[in-house]
Amino acid sequence: MPTSSSDAHRTVLVTGAARRLGREIALTLARAGWHVAVHYRASGQDARETAMACKELAGASGLFETDLADEAAVRALLPRVVAEMGRVDAVVNSASVFEFDDTASFSAAAMERHWRTNTAAPILLAQALHSHLTARAAGPVSGCVVNLLDQKLFNPNPDFLSYTLSKAALHTATTLLAQSLSPQVRVVGVAPGLTLTSHMLGEEEFAALHALSPLGRSSTPEDVARTVLFALENRSMTGTTLLVDGGQHLMKFDRDFSLMKP
């Protein structure tokens, strides 16, 4: 929880906050006292519900529609949040494109779709946060960026090739941004394991795959959200990635979870 007047109205921009993991992150941060700028692209009703819930928890929230594949729109996003909410202290890059391709079906167009949203947008938002904090004369260790990654970077398989490459680039960018944006901005990666089911997995299949880890369970949305909060509030952490996956990265999987049959 915030402990001083300077922390009382800290504001975080969470991309992809309308649904699923992004929503859980937004609600967890609001419970901890953060004012949450809820970003969404298409899920307007879900985003409004998330923003209303965050406002009830923390007293303030904002709603921001942006296509993260549009560079000009991404560059304008953080200034829009500042104009409406007064300040931004952190960015959580949760939104991502996750479309199947492999070495046989790969195309430059598919790579570009993933690159724009999954890699370029987080870098642009980190850049914008640093510029905002500099203009605000916020001082050292005043901001943080958390990038959502994936345990499969540490246990690779060739499924979802463009997605994996975009997240691998973001993992490297986490290190490079931590170097170049210090001391004002810390940059931390959080890499979940299998956390939520999808249209590609039934409930029983998901439960069986979720249990495939040394700990007998992978990450839950609550696990990931609490780790994001920890990264935001631990002022000694930068340029590193926290794996939150029950140890799934220690096991060898030949296919992506969504294509495995337990």
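Ligands, DNA and RNA left out, the 1.4 Å accessible surface of the chain is 56% carbon and sulfur atoms.
Evaluating 6.51 cos²θ - 1.76 cosθ + 1.60 at θ = phi - 60° for every residue in region 13-25, the Karplus couplings come out as 8, 10, 7, x, 8, 5, 9, 6, 5, x, 5, 4, 5 Hz, glycine and proline recorded as x.
The residues neighbouring residue 173, those whose beta-carbon lies less than 15 Å from its own, together hold a net charge of +2 under the Lys/Arg +1, Asp/Glu -1 convention. Listed peptides 245-258, 178-191 appear in the order 178-191, 245-258 once ranked by packing, highest mean of other Cβ atoms within 10 Å at the front. The string of couplings for region 50-65 from the Karplus curve (6.51, -1.76, 1.60, θ = phi - 60°) is 5, 4, 5, 5, 5, 5, 5, 7, 10, x, 7, 7, x, 10, 9, 8 Hz, one whole number per residue in order, with x for Gly and Pro. Looking at region 89-165, the accessible area is 38 square angstrom per residue; that uses a 1.4 Å probe and ignores ligands, DNA and RNA. Peptides 32-44, 226-238, 91-103, ordered by how many other C-beta atoms sit within 10 Å of their residues on average, highest first, read 32-44, 91-103, 226-238. In the neighborhood of residue 76, defined by Cβ-to-Cβ distances under 13 Å, what is the net charge if each Lys or Arg adds +1 and each Asp or Glu adds -1? Surrounding charge for residue 76 is -3.
All other residues whose Cβ lies under 13 angstrom from that of residue 67 are scored, Lys and Arg at +1 and Asp and Glu at -1, for a net of +1.
Under 10 Å, Cα contacts only: if you run a Gaussian network model on the chain, which one of 203, 112, 56 comes out with the highest mean-square fluctuation? Residue with maximal mean-square fluctuation among 203, 112, 56: 203. Axis of helix 121-135 versus longest Cα principal axis of the chain: the two differ by about 20°, to the nearest ten degrees. Using Cβ point charges alone (K and R +1, D and E -1), the dipole size of region 39-90 about the Cα centre works out to roughly 160 debye.
Quote the FRET efficiency, to the nearest 0.05, computed for residue 20 versus residue 135 with a Förster distance R0 of 30 Å and r equal to the Cβ-Cβ distance. The formula returns an efficiency of 0.35 here. Per residue, the average separation of C-alpha pairs within less than 8 Å and at least 6 apart gives the chain a relative contact order of 18 percent. As a test of the formula, what do you get for the chain when each DSSP H run with n ≥ 4 contributes -39,500 (n - 2.57) and the sum is divided by the residue count, at 222 nm and rounded to the nearest 500 deg cm²/dmol? Helix-only estimate at 222 nm: -13000 deg cm²/dmol.
The lysine pair tally for the chain, using Cα distances under 19 Å and a gap of 8 or more places or different chains, is 5. Residues whose amide H lies under 5 Å from that of residue 186, counting only those 5 or more places away or on a different chain, are 143, 144, 145; hydrogens are built 1.01 Å from N in the peptide plane. Projecting the Cα positions of 162, 244, 174 onto the charge dipole of region 129-262 (unit charges on Cβ atoms of Lys, Arg, Asp and Glu, taken about the Cα centre) puts 174 furthest along the positive direction. Across region 109-120, coupling constants 3J(HN,Hα) worked out from phi with the 6.51/-1.76/1.60 Karplus curve, θ = phi - 60°, read 5, 5, 4, 5, 4, 6, 4, 4, 7, 7, 10, 5 Hz, and Gly and Pro carry x. Taking amide H positions as modeled 1.01 Å from N, with prolines and chain starts lacking one, the residues under 5 Å from residue 92 and 5 or more places away or on another chain are 13, 14, 15, 146. Placing +1 on each Lys and Arg Cβ and -1 on each Asp and Glu Cβ, with no other charges, gives region 119-262 a dipole about its Cα centre of roughly 500 debye. About its Cα centre, region 41-159 has a charge dipole of approximately 540 debye under the convention of +1 per Lys or Arg Cβ and -1 per Asp or Glu Cβ, with nothing else charged. The amide H of residue 244, built 1.01 Å from its N in the peptide plane, has 191, 193 as neighbours under 5 Å, considering only residues 5 or more places off or on other chains.
The values are calculated or read from the model by the stated rules, or taken from the named source; none is laboratory data. Predicted model only: the values in this text are computed from it and were never measured. No Cβ is skipped: glycine too gets one built from the backbone with ideal geometry, and neighbour counts run over all protein chains shown. Keep in mind that these areas ignore ligands, DNA and RNA; they rest on the heavy atoms of the full protein, side chains included. Shrake-Rupley method; radii C 1.70, N 1.55, O 1.52, S 1.80 Å.
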